[in-house]
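Asker: Quick one: the structure is below, and I'll ask about it shortly.
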Amino acid sequence: MTAISVLIGVLVAGMLLRMPIGFSMLASGIGYLLVKGQDLGLLAEQVSNGMYNSYVLLAVPLFVFAANIMNAGTVSERIFDFCRILVGRMRGGLAQVDIMVSVVFSGMSGSAIADAAGPGLVTIRQMLNKPEYPRGFAGAVVVASATIGPIIPPSIPMIIYALVSGASVGALFLGGLVPGLLMAVLMMGVVHLIATKRNMPREAKIPLRDWPAILFRGALPLSLPIVLLGGIYTGAFTPTEAAAVAALHALILAGVVYRSLTWRSFWGVVMESTRGSAVITLILAGSFMLNYAFTAEGVPQAMALWVEGMHFSQLNFLLMVNLLFLVLGCFLDVSVLLLVFVPMLLPAAKLLGIDLVHFGVLVVLNMMIGLITPPFGMLLFVTKALTGIPIGEMIKEGWLFLLILILFLLAVTVFPQIVLWLPQSMGYVTQ
C-alpha cells in the first residue's frame, strides 16, 4: 500500500468515524510518515513552520473575537432597527431587512456562521412572531443571506485562501465587495417575488421623529466597515492589523459606549472565541502536513500536467472547479476544501493564467453555496439548532435562493471583471 493511499484512507476513516477533522488530518499525516519511514518530527516541523511564519493568520482569531463581541452586545438589534428604516416598507419587509442586516454585518465579522447566529437570529425571531412568514421561509432567508458574510470584506475564508495561494488580502477583499452586493440585490429580488405572490406584509411605517434616534443608534456599528476598509486601502494598517482594530472597536462599542457587555458575558466571549479559534488552528495545523505530503508525492504538479494535457481553456477549468466544489461542498467542511483541495488546484490555475483573486472569490462563493446545500450544509444545521426549524422545511422554501446563487456563480465564472474591476480600479495589480 502506498503512503498516499494510507494518508487518504486514514483521513476518510477519521471523517466517517466523526473524529474532529483537525485530528483526522494530523492522524493521516502521521500514517503517511510511518509508511514512508520518515522522522515523525517532520510533523512538528511542518506545523510550526506553517503556523509561525504566517503573519496574516493572526487576523483569524481577532475577527472571530470581534464577531462574538458584536453578537454578545446589542449591536445586532441596533443594526436591525437601522435597516428597518431602509427596506422595511418593501413587500416582505422583515425578510428584506434580514438581507440588508447581513450586508451590514458582513462588513464586521467575515463569518457566515456568526451572521446566522447573531443578526440572523434577531430577524428570524421577528418573522416567527408573524403568521404571514412560514417558519421554513424565515429560516431559508436567514440561511441564504448569511452566505454574503464571507464574500463582503472582511472575510475569514479569504484570509485563509490568501495564506495558501499568496494572493493579496487587500485585493481579495476588494474583489468580494461587488459580488457580495450583487448577491444581496438578487436575494432581495427573490424575496420580492415570493412576498408579492404570497401577499406578505410590509413593516409598519416608522414615524419621522423616531428616525434620528434609530439612525444614531446604528451609526456607530456602521462605522466599523468604513474604518476597516478605509484603513486598509489608505495604507494606515494591514489587513491583520485591521482585525485588531475591529476587535478593539467592537469591544469599545459593546463594553464602553452601549454598556451591554458584563464581565460574565465578556468571559463567555473570550472562551467562545478561544474555542472557535482553536478549531480553525487545529485544522490549519493538519492541513500543513497534508500539503507537505501531497507536494512530496507530486499531486499538484500531476494535476497541472493533466490539465495541460487535456488542453482545458480557462473557462472549462473553472467550470470543472465549480462542479467539483459544488459536489464536495455537500459533504465537506469549508476549511477542508480551502486547505486541502485548493492547494492541489492552484498550480493548474496558475498554468492557465487564471487570476488568483478571481479564482479565490470564485472558490469562496462555491463554498458558501455548500453551506446551504443538503445533506450537510452547516448553516442549515446551525439555524435548526438555534430555532428548531426543520431542515426539510428550509430546503423546501430555499430552493429558489440556491438556484439564483448557482446562476450568479456561473456569471462570476464567465465574467471575471465582476470580481476584478474594483481591485484593478483601486490600483491593485492582478495577474
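The values are calculated or read from the model by the stated rules, or taken from the named source; none is laboratory data. In this text, all values refer to a predicted model and were calculated from it rather than measured experimentally. Neighbour counts are summed over all protein chains in view; Cβ atoms, including those assigned to glycine, are modelled from backbone coordinates with ideal geometry. Areas reflect the complete protein model, heavy atoms only, side chains present, ligands, DNA and RNA absent. Shrake-Rupley method; radii C 1.70, N 1.55, O 1.52, S 1.80 Å.
Asker: Determine the pairs where a residue that is within 18 Å of MET127 (Cα to Cα), located within segment 368-395, has a partner that is among the aromatic types (Phe, Trp, Tyr) and open to solvent by less than 60 Å² (accessible area, probe 1.4 Å) with Cβ atoms under 9 Å apart, the partner being 6 or more residues away or on another chain.
Answerer: That search, which allows pairs on different chains as well, returns GLU393/PHE137; MET394/PHE137.
Asker: A further question on this structure: Within segment 251-266, can one find any residue that is within 17 Å of SER155 (Cα to Cα) and open to solvent by less than 50 Å² (accessible area, probe 1.4 Å)?
Answerer: No, segment 251-266 contains no residue that is within 17 Å of SER155 (Cα to Cα) and open to solvent by less than 50 Å² (accessible area, probe 1.4 Å).
Asker: Return the pairs, sorted by first residue and then second, in which the second residue is assigned to a helix (DSSP H, G or I) and of a type in the set (Lys, Arg), the first residue lies in segment 211-237 and is open to solvent by 50 Å² or more (accessible area, probe 1.4 Å), the beta carbons are less than 6 Å apart, and the residues are 6+ apart or on different chains.
Answerer: Once the first residue is open to solvent by 50 Å² or more (accessible area, probe 1.4 Å) and sits in segment 211-237, its partners that are assigned to a helix (DSSP H, G or I) and of a type in the set (Lys, Arg) give ARG217/ARG78.
Asker: I'd like to check something: does segment 387-394 contain any residue that is in a loop (DSSP other than H, G, I, E, B) and either within 18 Å of SER102 (Cβ to Cβ) or open to solvent by 80 Å² or more (accessible area, probe 1.4 Å) (or both)?
Answerer: Residues of segment 387-394 that are in a loop (DSSP other than H, G, I, E, B), as a first pass: 388-390.
With the extra rule that they be either within 18 Å of SER102 (Cβ to Cβ) or open to solvent by 80 Å² or more (accessible area, probe 1.4 Å) (or both), the set shrinks to 389.
Yes, some residue in segment 387-394 is in a loop (DSSP other than H, G, I, E, B) and either within 18 Å of SER102 (Cβ to Cβ) or open to solvent by 80 Å² or more (accessible area, probe 1.4 Å) (or both).
Asker: So, one more: Looking at segment 1-53 only, could you name the residues that are within 27 Å of GLY276 (Cα to Cα) and acidic (Asp, Glu)?
Answerer: Of everything in segment 1-53, just one residue is within 27 Å of GLY276 (Cα to Cα) and acidic (Asp, Glu), namely GLU45.
Asker: Is segment 325-338 home to any residue that is within 17 Å of VAL419 (Cβ to Cβ) and touching a residue at least 12 places away in the same chain (Cβ under 8 Å)? Let's see the steps before the verdict.
Answerer: Of the residues in segment 325-338, the ones within 17 Å of VAL419 (Cβ to Cβ) are 325.
Filter once more, so that each one left must be touching a residue at least 12 places away in the same chain (Cβ under 8 Å): 325.
Yes, the conditions are met somewhere in segment 325-338.
Asker: I need the full set of residues from segment 149-159 which are touching a Ser or Thr at 6+ places or on another chain (Cβ under 9 Å) and over 15 Å from GLY370 (Cβ atoms), in order please. Explain how you work it out, then say what you get.
Answerer: The initial filter retains those residues of segment 149-159 that are touching a Ser or Thr at 6+ places or on another chain (Cβ under 9 Å), namely 149-157, 159.
Once the filter is applied, which keeps residues that are touching a Ser or Thr at 6+ places or on another chain (Cβ under 9 Å) and over 15 Å from GLY370 (Cβ atoms), segment 149-159 yields ILE152, PRO153, PRO154, SER155, ILE156, ILE159.
Asker: Now for a different question. Consider SER102 carefully, then state whether it is at pLDDT 85 or above, within 15 Å of the chain's Cα centre (by Cα) and crowded, with 23+ Cβ neighbours inside 10 Å. Steps first, please.
Answerer: Working: at pLDDT 85 or above: yes; within 15 Å of the chain's Cα centre (by Cα): yes; crowded, with 23+ Cβ neighbours inside 10 Å: yes.
So SER102 passes the test.
Asker: How many of the residues making up segment 155-168 are in contact with a Pro (Cβ under 6 Å, 6 or more places away or on another chain) and either buried (at least 23 other Cβ atoms within 10 Å of the Cβ) or free of Cβ contacts under 8 Å to residues at least 40 places away in the same chain (or both)? Break it down into steps so the answer makes sense when it comes.
Answerer: Keep residues of segment 155-168 that are in contact with a Pro (Cβ under 6 Å, 6 or more places away or on another chain), which gives 157, 164.
Next cut, either buried (at least 23 other Cβ atoms within 10 Å of the Cβ) or free of Cβ contacts under 8 Å to residues at least 40 places away in the same chain (or both) only: 157.
So the count comes out to 1.
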